[in-house]
Each structure stands twice: as structure tokens, then as C-alpha cells.
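These notes are about the structure you will find just below.
The values are calculated or read from the model by the stated rules, or taken from the named source; none is laboratory data. Note that the coordinates shown come from a computational prediction; the quantities given were computed from them, not determined experimentally. Cβ: placed from backbone, ideal geometry, glycine included. Neighbour counts: every protein chain shown. The area values use the complete protein model at the heavy-atom level, side chains included, leaving out ligands, DNA and RNA. Shrake-Rupley method; radii C 1.70, N 1.55, O 1.52, S 1.80 Å.
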Amino acid sequence: MSSIVFLGTGPGSPVKGKFSSSCLLRAPSATVLVDTGEPCSLSLCNLGVRVSDIDAVLITHGHSDHTAGLPMLLQAAWLEKRPRPLPVFLPDELIGPLKAWLGAVFLPEKLLGFPLEFRAWKVGRPENVAPGVEVSPFATTHLDGLRRIIEPGASHRFKTFGFDIRCDGKRAVFSSDLGTPLDLGDVLARPCDVLVCELSHYEPGELFAFLRGRKIGVLALNHFSPALAGREQEIAEMARRELPGVGRTVAVRDGDVVEF
């Protein structure tokens, strides 16, 4: 059986008791880190997971609540003397800035002692990210508003990716951050065993109306907006009432594990 360990379930603004976005996919044949919100290295340490045990890192987009823990993760890998390459899958626009960032904090690849393999996502191109784990990235509209404000003509930037992950004969969908639940339309046209879905950028009722009638084994709600802090269990109960066709609905907290 595969499982997802939620290392951090917080939103973009700090919320008491929640770390930033990161979770660990544990499949029978591989261990994959999805996003590196801080302090993911500490959370892994608390779980007894060495950075050297991670087969791949998947980054959804460039917001700091999804990336800020990456330098510390790589520093831990260096100090642990990781013996093998580490593939990091991410939007192409992040590769140059992240290399510069690592140089600025004295972690150039020649110091690390292992190959750091940056690999760019491309919509529609499945990636075998680790043994037995295939990821098909899909685009979301999460950063479209920022593009219009910051750099309207930058069609090559402001990318956000969700993940359709196949492992152990199962299908797990990670929403990433969304512009609207409609971003999930294509990927949820088929049943999935688990949907990890954020609730930071729209109202819960909007999501539940969209999910009605979809075939989902486990709905794991996370990344609740600060305005929803303290209402997580109430909202999960609302989802259970409005989505009776979903096998199980949980509002996940840091440290929770969902098996599928």
C-alpha cells in the first residue's frame, strides 16, 4: 500500500501550528518529496527519513511556501554525504534562479558531492520520476493573476503544475495551488484513488459543487486559507454531507498519513 505523509499543510501566510507545503509520497518502490516548504528537512528528520532516502523531489511552482526549504534540504543531503543523484522536477523558469540561489548560500553542485539533476516539467509529457512512480503534470491557472500584474507578456513564466501520479497500480492527484477548481476538470474526468486538494484560493462550496459526482476514493483537504483556520473539521464535515459519493474525506494536519 502507498501512503502520503503530510509534512506541512499551511497556506502562503503563516498559520499557528502548520508548516509550509510539503508532503512525502511513500510507494512500495520509491520515496518522493512533493514540494519543499520549510521546514521540510526537520519534518523528515522527525520522521526518521534521511534525505539520502528520497528518490526524487517534485516542485509545483515557485512560491516560497512551496520552495523555501529546498536549500536546507540540499545542505542536509551534502552533510549526510548522499551517495547518488537527486532529480528535482520543477518549472523550467525556476532552474536558473535556483542554481543562483544555491550558489549564494554556498551550495554549488561541485560542493554537494552528488549530481543535482534539474528536470523541467512539460504539460502532457509523463515523467518516470522514480522506480514505479510516473507523474503526468497538468497546468493550473494559479499564477495567471500575478502574471497580469507583474509581467503581462510573460507567457513562458508564472507556471504552476498539478500532478497525476501513478504508483502501485493506484492513482493519486495533487491539485497544487489552483486558480479555480475548474483547473481539475480534465484530470478528474477519470476516477482517482486519492485527491490532495488545497482550500486557499476559493470558497469550500465552490470546490464541493465542482467535485459533486466525481469518483474519488479519499479526498484529503489541506492548505486551508488563514480565513478558514480553526474550521477545518467543520469544512470536512460539510464535504462529507455534500459529497456522499467520495469514499472518505479528511482535513489533514501536519504529520497526518493517508493510505491508498
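Of the residues screened, Thr36 is one that is within 21 Å of Phe114 (Cβ to Cβ), part of a loop (DSSP other than H, G, I, E, B) and either under 13 Å from the mean Cα position of the chain (by Cα) or small (Gly, Ala, Ser) (or both).
Residues in segment 1-55 that are among the basic types (Lys, Arg) and open to solvent by 60 Å² or more (accessible area, probe 1.4 Å) were compared, and the one that is nearest to Ser200 (Cα to Cα) is Lys16.
Among the residues of segment 192-246, those that are of a type in the set (Lys, Arg) and more than 24 Å from Gly12 (Cα to Cα) comprise Arg212, Arg214, Lys215, Arg240, Arg241. The set of residues in segment 241-258 that are open to solvent by 40 Å² or more (accessible area, probe 1.4 Å), not acidic (Asp, Glu) and not in a loop (DSSP other than H, G, I, E, B) comprises Arg241, Arg248, Val257.
Is it the case that Gly62 is part of a loop (DSSP other than H, G, I, E, B), closer than 27 Å to Pro126 by Cα, open to solvent by 10 Å² or more (accessible area, probe 1.4 Å) and at pLDDT 95 or above? So Gly62 fits the description; yes.
Scanning segment 183-225 for residues that are open to solvent by 10 Å² or more (accessible area, probe 1.4 Å), within 19 Å of the chain's Cα centre (by Cα) and more than 19 Å from Cys167 (Cβ to Cβ) turns up Asp183, Gly185, Asp186, Ser200, His201, Tyr202, Asn222, Ser225. Looking across segment 1-22 at every residue that is over 20 Å from Asn128 (Cβ atoms) and in a strand (DSSP E or B), the one that is modelled with the lowest pLDDT is identified as Val15.
The rows are residues; the columns are (1) under 24 Å from Ser29 (Cα atoms); (2) in a helix (DSSP H, G or I).
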position: Ile149; (1), (2): no, yes
position: Gly153; (1), (2): no, no
position: Val173; (1), (2): yes, no
position: Leu178; (1), (2): no, no
position: Leu182; (1), (2): no, yes
position: Leu195; (1), (2): yes, no
position: Gly213; (1), (2): no, no
position: Ala239; (1), (2): no, yes
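Yes or no: Gly169 closer than 20 Å to Leu25 by Cα and without any contact (Cβ under 8 Å) to a residue 24 or more places away in the chain?
yes
State all residues of segment 6-23 that are over 10 Å from Thr36 (Cα atoms) and either free of Cβ contacts under 8 Å to residues at least 40 places away in the same chain or of a type outside the set (Phe, Trp, Tyr) (or both); if no residue qualifies, say none. Thr9, Gly10, Pro11, Gly12, Ser13, Pro14, Val15, Lys16, Gly17, Lys18 - these are the residues of segment 6-23 that are over 10 Å from Thr36 (Cα atoms) and either free of Cβ contacts under 8 Å to residues at least 40 places away in the same chain or of a type outside the set (Phe, Trp, Tyr) (or both).
Would you call Glu80 in contact (Cβ under 8 Å) with a residue 24 or more places away in the chain, surrounded by fewer than 17 Cβ atoms within 10 Å (Cβ to Cβ) and closer than 21 Å to Ser175 by Cβ? So Glu80 does not fit the description; no.
Which of the residues spanning segment 46-69 are over 23 Å from Leu146 (Cα atoms) and touching a residue at least 12 places away in the same chain (Cβ under 8 Å)?
Across segment 46-69, the qualifying residues are Leu47, Val49, Arg50, Val51, Ser52, Asp53, Ile54, Asp55, Ala56, Val57.
Among the residues of segment 92-106, count how many are within 28 Å of Ala154 (Cβ to Cβ) and either in contact (Cβ under 8 Å) with a residue 60 or more places away in the chain or in a loop (DSSP other than H, G, I, E, B) (or both). Reasoning before the result, please.
In the first step, residues of segment 92-106 are kept if they are within 28 Å of Ala154 (Cβ to Cβ); the result is 92-105.
Pick out the ones that are also either in contact (Cβ under 8 Å) with a residue 60 or more places away in the chain or in a loop (DSSP other than H, G, I, E, B) (or both) and you get 92-93, 105.
Final tally of qualifying residues: 3.
Quick check: anything in segment 124-134 over 28 Å from Pro181 (Cα atoms), open to solvent by less than 70 Å² (accessible area, probe 1.4 Å) and part of a loop (DSSP other than H, G, I, E, B)?
Filtering segment 124-134 for residues over 28 Å from Pro181 (Cα atoms) gives 130-132.
Pick out the ones that are also open to solvent by less than 70 Å² (accessible area, probe 1.4 Å) and you get 130, 132.
Going one step further and asking which of them are part of a loop (DSSP other than H, G, I, E, B), we end up with 132.
Yes, there is a match, as at least one residue in segment 124-134 is over 28 Å from Pro181 (Cα atoms), open to solvent by less than 70 Å² (accessible area, probe 1.4 Å) and part of a loop (DSSP other than H, G, I, E, B).
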